[in-house]
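What follows is calculated from the coordinates using simple rules that are stated; it is not laboratory data. The structure presented is a predicted model; accordingly, all values stated were derived computationally and were not measured. Positions of Cβ are backbone-derived with ideal geometry, glycine not excepted, and every protein chain shown enters the neighbour counts.
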Amino acid sequence: MAIQAAVGRLPETPSQVINREKIVDFVFDGKTYTAYEGDTIASALVAAGVMTFSRSFKYHRRRGLLCAAGACPNCLVQVGDEANVRSCTTPVQAGMKVEAQNAMPSLDVDVMSATQLVDSFLPAGFYYKAFIRPQALWPTYERFLRQAAGLGKIDPDSEPGYFDKIYKHVDVAVIGGGPAGLRAALAAAKSGARVILMDDQSSPGGHLRYRMDEIDGLPAYEYVAKMAAELVGFSNVEILTNTTAVGRYDRNWVGAVTGNRLIKLRTKALIVATGAYEIPLLFENNDLPGIMLGSAVQRMIHLWGVVPGARAVVVSANRRGLQAALDLIAAGVHIEALAEMREEPDADLIRKLSAEHVMIFKRTTIKRAWGIGKVQGVSLESLHSGQIHEFPCDLLLVSTGYTPANQLLFQAGGKLRWNEQIHEFTLDMLPSDVFAAGEAAATHLLEDIEREGELAGLQAAQFAGFGGKIEKVTFLAAKVEERRAERIPWTQIHIAEDEAKKDFVCICEDVTRKEIKQSIQEGFDSVELLKRYSTVSMGPCQGKMCNINAIHVCAHYNQKTVAETGNTTSRPPVTPVTMGALGGRLMEPVRVSPMHDWHVKHGAVMMNAGLWKRPDHYGDPSAEVRAVRERVGLIDVTPLGKFHLRGPGVPGLLERVYTNRWQKLDVGRVRYGLMVTEEGVVLDDGVTARLDDDFYYMTATSSGASGIFENMEWNLQSGWSYDVHLLNVTDLRAAMNLAGPRSRDVLAKIIQGVDLSNAAFPYMSVRQATIAGIPVLLLRIGFTGELSYEIHTPSGYGLHIWEALLKAGEEFGITPFGVEAQRILRLEKGHIIVSQDTDGLTNPFEAGMEWAVKLDKQDFTGKASLLMANQKGVTKKLVGFEMPDGTIPEEANQIVRPGNGPIGLEIIGRITSVRRSPTLKKVIGLCWLPTEMSEPGQEFTIRVRGQMKTGRVVPLPFYDPDGLKLNS
Amino acid sequence: MWKLIRHGLNGNKPLPRMWRTHDLKDSYDVVIIGGGVHGLAAAYYLAKYHGITNVAVLEKRYIGSGGSGRNTTILRSNYLTPEGVAFYDESIKLYENLSVDLDFNVLFSQRGHLTLAHSDAAVRTMRWRAEVNQIQGVNSSLIYPDEIAKLCPHLDLSEHPRYPILGALYHPPGGIIRHDAVVWGYARGADERGVHIHQLTEVTGINVENNKVISVQTNCGTIKTGMVLNATAGWCSLICDMVDVKLPITSHPLQACVSEALKPFLDVVIVSGSLHVYVSQSDRGELVMGASIDPYQSYSLDSTLGFLESLSGHMLELFPSLSRVKILRQWAGVCDMTPDYSPIMGFTPVEGFVVDVGWGTYGFKAGPVSGKRMAELIATNRTPDLIAPFYLGRFEDGALIGEKGAASVGH
């Protein structure tokens, strides 16, 4: 394996962030490279002379480092199992395995790049116009097209890694640690506000970190470091570096990401000082490796001591472009020519450049670049005369304009407006708790940036309640206003009359000017439609690089102004965020009863029941059924919904939420209750016991518990004045059901304070008693059809009572039983399970529960619908059935008869529950049938695994029809 | 294909406009409010099958800017009720032939659709759907983890997850499509046949005399017409308010997002009702993901962070190896929810005012069939049998349709 040494580094300077003492090796596309600690993957590769970083999305063209700011798609690489990593912002780590993306088979030899040879046959919207006929071949074409798309790869064995969330609350949050953000944070901090400053780089400073211009007698990077140092001194300030704010949501809820952490921040006032993106120019071959933005070159030189070329051509349209040219000269790069798009560039810098004998062309732009695999030369074109000058070069530095990084402001509700004075979009109508400063507000001159920062800091602090300096604010606001009116453009956009070859507006998606022109010709002439049809701005950069050029090109071909053309919607996140960071640790709680560990220890097979874990069975469910029928069994029913209702208004509330009557329930009695929706659909059932004059205890199904609680709360809060205090005690109470003919004998051994005799404590009544010194609530009810007691106790004592019951029951052969046995037991007794035997349309009349509906009582939830349903009559019924031939159908098998359907069948009903009954020794179940077929003895056909089987209607319940067991 | 080669050889002469712009006429035979797939399909079929071409489609923004351009492009017909199955099955069949019919490739990818079951109850529901589907002639079956693993090896099929995967409803004809292309294709087809498409044209009022529609007011002028079709999805209640037609509809936001582009690894559509997730990988390589509607009513198109958090968490439950995949973009739409998760289609008490609304989270799947049948309704002045169950009066008659189990998160 060839080892390539880190070459081409400049001498050490204080602005550099690399530690030359520490050398780290990493692998890129199978080759080992050497880097310094502090290098990014990109800086190390550029230092080693690598120019091609990736292959482009559509044409597989070579792409090199362009923005070095994490915005553009060019340097996306695969790092291990992580796809689409921005190599320009990702620090190198020893042993890192980096691979180029979208290269087939390799970065240097990519067969797919042949597509660009036929690009005139690939117009905008190519896919929509091709592969239509023959229709049968489309799936084949599609497979090929899919393989060609996409960038990075997924490793199915990738370890999820640890991700988590951080919560923050502050008075003032400042996003961006450049000069505007630092000034803002300082001003807010001095006002006494709690401040957080976030910056996506390893240290604050923004663009000044890599600029040499002298400010107040100091180089820019030192000047800004001093500012940052002052901020560190404030105890009410927290500085978060390597932290990217990705979204501003409703009411200043800010999402930010740092490493594997999502920060969720609520701030009273938000200052957006996120700077600006430098944007590329449009010209032929504007995507060749070796073409870099000015800020990227400056970052390379000043942060990592890397010089990305030897002979450069510079295209400039503002001070920073000229400054970058001076930086190149200082780094030993020969400047072949400098094209300055402005008529009258900054005289001071031009003087300095002239002194270095740089050939300067004013009012000149770039027409085309050329080269094989990298830039080898450029043609400059005078905007006055059209005269062309050609120069060879290995680096083209483009520094011709900016677009504000104002996505957070847009998300906050700001309205974008094209500002013709400065050739940038600015925002107004910001909400009162959001402030913008500096380059994010399209202000580029340092002293103005700092003033705007200070003003925003004071205003934000004032908004957050840390006021005072009203005069200062007034003064600064006036000055900012005045200076904004005097701003000059830092951005020049020259849209040539005609498109050129391979002039990419969108480098993410390989969209050229020609494709945009074609799209507009075809009618996609609004920016939003243009975006969707041509896919311009829909790639990894989300428009950061291309949006401004795309809008200008759109305006050009529509013969409209940019202001008329408008902008597309900028959507969160500002930069892509991993699903790991967003998801964090999975917060899906597991709910277990206090007896859970006992179940596990005793061999229970657990099942999910909503959030709960419940024992499905301990051993053979049939044996558990027999134990209950013949002796006694114990089941954990803790997941039942359990509610305390207190107050004189309880009967009224119960009358409203239940379909049956509640005005006359004596203390000590229990009643079954049924709930329906407003549409009259069966919603839930349970029992309610009256414990005292004003104290009721309600249970609901396990799955319905939280919904029923919300429903009752809604009733209490929605205009009816029930004097009721409602408490959800589901988690506070353990519950178990002791069922079987010997259950009274078991209880008698250990219970105090209650007469268990049938006369004193009959079916459907409730008593308060103690077991082993613990207070319990005893409800004599029975889902299983046997004599049984539901025992409710504070959850802390659940296990204690459970074990006491088992011990007391030993001599009677007590057996714990699980959900499966309970399902069989209840089926034998013909009890329905809401939402298994009923569905989203079932009314109580169809479910055979008309006895639980009192249509003559005053209004209750669903009454109007039930009145209507009652009038219409019942067309289908839930009935019991058995299988004469012993076949066990599957639940949800359909009941059919011959019909006109595609397989000659018509659906007339379905099986909802079915089991083989160990008690009755036959297959029994519940099913829906048309009313006319629902009489006992009638037979019907079930489609079971494609076969036709016969079922027969039988009366319900299957077991103990007279209820003798329950009442025994 | 030949057209493209000819175009390439011609030095890329300008391509014809797919739809033209027109001045608003004083009157149209039919005014369709809403330039999404439903409205444009109705216009297309009115012109194509019924010769009614004096039609205006009014769109307040740009065509496809509502739910048609915001959905997650999943198509399927494995519904629960016979009414639902028959209706969506016709929709799928229209979609299958749409590229040829419109001469515009809508990139329909019938790659298979899996609805996961994480509980006994869910397995039962999936079996119910499979049984209904099979009897109705729809390709659909209940499959178990070994078979799921073959179709989607990246899913975590172990017993470790909080909600292990116990089975799935497998629907091979289900898949995804390029949603915008469907909109553009219908727009072009309608335009070619003489329909006027008016973008940036917002309806501000509808005039009714003697309980009959007489004209529609817009920000660009007033149009005389005796027939208005409301196809405005999330905003349908606002339009119906203009003629005092009350709908049992609430509008809720529904959010979605996409990841960065990845090489293809997910070949089927995966839906998990329990985890409120549906996901597919587009032909561009992006994961397109969505969840269930937001629980609150709103017309807001703002996204929330909470959506990204819960969706990502649930995605990683299903696909633990995707933790370093990045979300690129999120957005929201507005859904018009009905109490029974089925649409409202047909006549209203106001003469000349018909609705195709209540499309909730599943409107895109039904675009073609709705357009075709609403066109038939308008042209013949009678309700086609296929959409008869979806009449507005069913909420007063108590004749609801039980699609909730298959439609609530079932994308």
message = If the elastic network links every pair of Cα atoms under 10 Å, which of B:375, B:86, B:56 fluctuates the most in the Gaussian network model of chain B?
response = B:86
query = Taking chain B as a Gaussian network, where each spring joins two C-alpha atoms under 10 Å apart, which residue of B:16, B:173, B:153 fluctuates the most?
reply = B:16
task = Counting other Cβ atoms within 10 Å, keep those with at most 15, restrict to DSSP loop, and tell me which GluC sites (Glu not before Pro) in the range A:402-447 are left.
result = A:420
ask   = Which percentage, to the nearest 5, of the DSSP beta bridges contained in the protein assembly as shown is antiparallel?
value = 75 percent
inquiry  = I'd like the distance between the alpha-carbon centres of the range A:890-909 and the range A:279-313, rounded to an integer number of Å.
reply    = 70 Å
ask   = Cα gyration tensor of the range A:862-968, axes a ≥ b ≥ c as square roots of the eigenvalues: rounded (a/c below 1.5), prolate (a/b > b/c) or oblate?
value = oblate
Using distinct alpha-carbon pairs, which all enter the 1/r mean, Kirkwood radius of chain B in Å = 21.9 Å
key: Per-peptide average of other Cβ atoms within 10 Å, ordering A:631-642, A:615-626 highest first   = A:631-642, A:615-626
query = Can you give the Rg and Dmax of the range A:280-400 based on its C-alpha atoms, in angstrom?
reply = 12.9, 40
ask   = Projected onto the charge dipole of the range A:1-157 (+1 at Lys/Arg Cβ, -1 at Asp/Glu Cβ, origin at the Cα centre), which of A:28, A:69, A:112 gives the Cα projection farthest towards the positive end?
value = A:112
message = Averaged across B:206-217, how many Cβ atoms of other chains sit within 10 Å of each residue's Cβ atom?
response = 0
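Going down the table (A:22/B:263; B:224/B:372; A:601/A:807), which pairs top 27 Å between alpha carbons?
A:22/B:263
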ask   = When the Cα centres of the range A:191-248 and the range A:342-388 are compared, how far apart do they sit, in Å?
value = 34 Å
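Which whole number gives the average, over all residues in B:119-126, of C-beta atoms from other chains lying within 10 Å of the residue C-beta?
Shielding by partners across B:119-126 averages 5.
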ask   = What lysines could a cross-link reach from residue A:877, if we take a straight Cα to Cα line under 23 Å and drop same-chain neighbours fewer than 8 places away?
value = A:829, A:854, A:863, A:922, A:949, B:404
key: Residues of type lysines that residue A:190 reaches as a straight line, Cα spacing below 24 Å, ignoring anything fewer than 8 places off in the same chain   = A:168, A:226, A:268, A:469, A:472, A:479
query = Using alpha carbon coordinates only, what is the Rg to Rh ratio of the range A:106-198, with Rh defined as the Kirkwood radius?
reply = 1.32
ask   = Based only on Cα atoms, what Rg/Rh ratio does the range A:414-492 have, Rh being taken as Kirkwood's radius?
value = 0.98
query = Just from the alpha-carbon atoms, what are the Rg and Dmax of the range A:704-779 in angstroms?
reply = 16.9, 49
query = What angle, in degrees between 0 and 90 and rounded to the nearest 10, separates the Cα long axis of helix B:120-135 from the longest principal axis of the Cα atoms of chain B?
reply = 50 degrees
key: Lys, Arg +1 and Asp, Glu -1 on Cβ, resulting dipole of the protein assembly as shown about Cα centre, debye, nearest 20   = 1060 debye
inquiry  = How many angstrom lie between the Cα centre of the range A:811-852 and the Cα centre of the range B:336-387?
reply    = 39 Å
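Taking the inverse of the average 1/r across all pairs of different Cα atoms in the range A:620-671, what Kirkwood radius in Å do you get?
One decimal place: 14.5 Å for the Kirkwood radius.
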remark   = What the Cα atoms of chain A span along the principal axes, largest first and in whole Å, is 114, 74, 59
task = With everything on Cα atoms, drop me the angle between helix A:446-463 and the longest principal axis of chain A, reported from 0 to 90° to the nearest 10.
result = 30 degrees
request  = Among the lysines, select those whose C-alpha is under 19 Å from the C-alpha of residue A:374, and discard any that sit fewer than 8 residues away in the same chain.
outcome  = A:58, A:501, A:502
task = Any chance you could give the angle, 0 to 90 degrees and rounded to 10, that helix A:621-630 forms with the longest Cα principal axis of chain A?
result = 30 degrees
request  = For chain A, calculate the relative contact order in percent as a whole number, restricting contacts to Cα pairs under 8 Å that are 6 or more residues apart.
outcome  = 9 percent
task = Take the eigenvalues of the Cα gyration tensor for the range B:162-274, scale each by 5, and report the square roots as semi-axes in whole Å, largest first.
result = 40, 21, 13
note = Per-residue ellipticity at 222 nm attributable to helices in chain A (runs of n ≥ 4 DSSP H, -39500 (n - 2.57) apiece, nearest 500 deg cm²/dmol) works out to -7000 deg cm²/dmol
message = Which of rounded, prolate or oblate describes the range A:1-157 when judged by the alpha-carbon gyration tensor and an a/c cut-off of 1.5?
response = prolate
note = One point scatterer per Cα, no solvent, Debye formula: log10 I(q)/I(0) for the range A:492-579 at q = 0.12, 0.13 Å⁻¹ comes out as -0.33, -0.38
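Using the Kirkwood formula over every pair of different C-alpha atoms, what hydrodynamic radius in Å results for the range B:1-134?
The Cα-based Kirkwood calculation yields 18.6 Å.
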